[in-house]
Amino acid sequence: MLQFAYPFQTKETVKPLLCAKGEATEVVPALSKMGYDAVELLIRNPAEAELDAVIALITASSMEVASFGTGPMVADDQLSFSALDDSVRMEAINRTIQLINWAHEVGSSVSIGKLRGQINESHPNQCWDFMRDSFLKVLEVADKKKVPLLIEPQNRMHMNNLNDTHETLSFIEEFTSSSLGIMLDNLHMEAEPIKLSVARLINDAQKKLGFFHLTDSERRIPGEGIFDIQVILKTLSHLPHPPVISFEIKQQNDQFMTAKRAITYVKSFMKN
């Protein structure tokens, strides 16, 4: 049985992302009433996010924390694993380790998308070395805590590295870590330079797949664009260990309506 989460930015975040934002006491119970199984928490700074209270509210609403997202660390504070500035890089590592500790407490994963950083064209080798070293530092904790740390491939319009599924899987294989895995987003998968079907890529990545972002074309609500969402859901449901599915979609100026339409569509497909 597939499980569905909705992304929610904690209170210390600033820039609105493709998720719900506001008072947790209002948003979290609303998501539970809509039928969501879990919440994906997008964090800027774990020390300021009041995670004790947010997680308690999620649990009280009969949901789980599906994953901790690190996008706001980049959007708000420009942190990255490959930054040439040592202080920026170490802050990214330290906040990620804090999230790994929280993920251990609630049994969830931590996702790394843009936080891995862009490769500076003037210092490419140094940036790659910094990125790998940063992953080694956070993986030392993730492996001890048995917390999945998931890298998200993003297309070339967003990142200049790890742009496709197989490239990212090859990068993961460089590390002797049982914790390092992959999360996938079907919008990025559709834009991969080597044109393979999303279903094929899901199956190729299944042994390392720990989380999934679902969206329709142009970040629309699933079922309202041109992507074959039903094939994606069917493929995921047939995996031996299906990942939790969250939605990275435009909020249409009404986050509750958007969240409701998204869960209604996927639940109707599952019933059929």
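The values are calculated or read from the model by the stated rules, or taken from the named source; none is laboratory data. The structure displayed is predicted, hence computed values, not measured ones. In this analysis, Cβ positions are derived from the backbone assuming ideal geometry, glycine residues included, and neighbour counts consider all displayed protein chains. Surface areas here come from the heavy atoms of the whole protein model, side chains and all, with no ligands, DNA or RNA. Shrake-Rupley method; radii C 1.70, N 1.55, O 1.52, S 1.80 Å.
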**Report entry** Residues of the stretch 103-119 that turn out to be closer than 19 Å to residue 183 by Cα and part of a helix (DSSP H, G or I), as a count
**Finding:** 6
Report summary line: Quick count over the stretch 1-43, residues being more than 17 Å from residue 247 (Cβ to Cβ) and under 12 Å from the mean Cα position of the chain (by Cα), is 1
**Report entry** Top-ranked residue of the stretch 1-35 - restricted to ones that are in a loop (DSSP other than H, G, I, E, B), open to solvent by less than 40 Å² (accessible area, probe 1.4 Å) and of a type in the set (S, T, N, Q), ranked as nearest to residue 237 (Cα to Cα)
**Finding:** 10
Report summary line: Those residues of the stretch 146-177 which are surrounded by fewer than 18 Cβ atoms within 10 Å (Cβ to Cβ) and more than 15 Å from residue 210 (Cα to Cα) amount to 155, 156, 157, 158, 160, 166, 167, 170, 173, 174, 175, 176
Query raised in the report: Taking the stretch 36-55, which residues are surrounded by fewer than 17 Cβ atoms within 10 Å (Cβ to Cβ), under 24 Å from residue 90 (Cα atoms) and in contact with a helix residue (DSSP H, G or I) (Cβ under 9 Å, 6 or more places away or on another chain)?
Result: 47, 50
Report summary line: Counting only strands (runs of 3 or more DSSP E) entirely within the stretch 178-272, those with at least 3 residues that are touching a helix residue (DSSP H, G or I) at 6+ places or on another chain (Cβ under 8 Å) and buried (at least 18 other Cβ atoms within 10 Å of the Cβ) are 180-185, 209-214
Requested in this report: Would you check if residue 83 is touching a residue at least 60 places away in the same chain (Cβ under 8 Å) and either assigned to a helix (DSSP H, G or I) or more than 17 Å from the chain's Cα centre (by Cα) (or both)?
Outcome: no
Query raised in the report: Which is more than 25 Å from residue 202 (Cα to Cα), assigned to a helix (DSSP H, G or I) and at pLDDT 95 or above, of 97, 172?
Result: 97
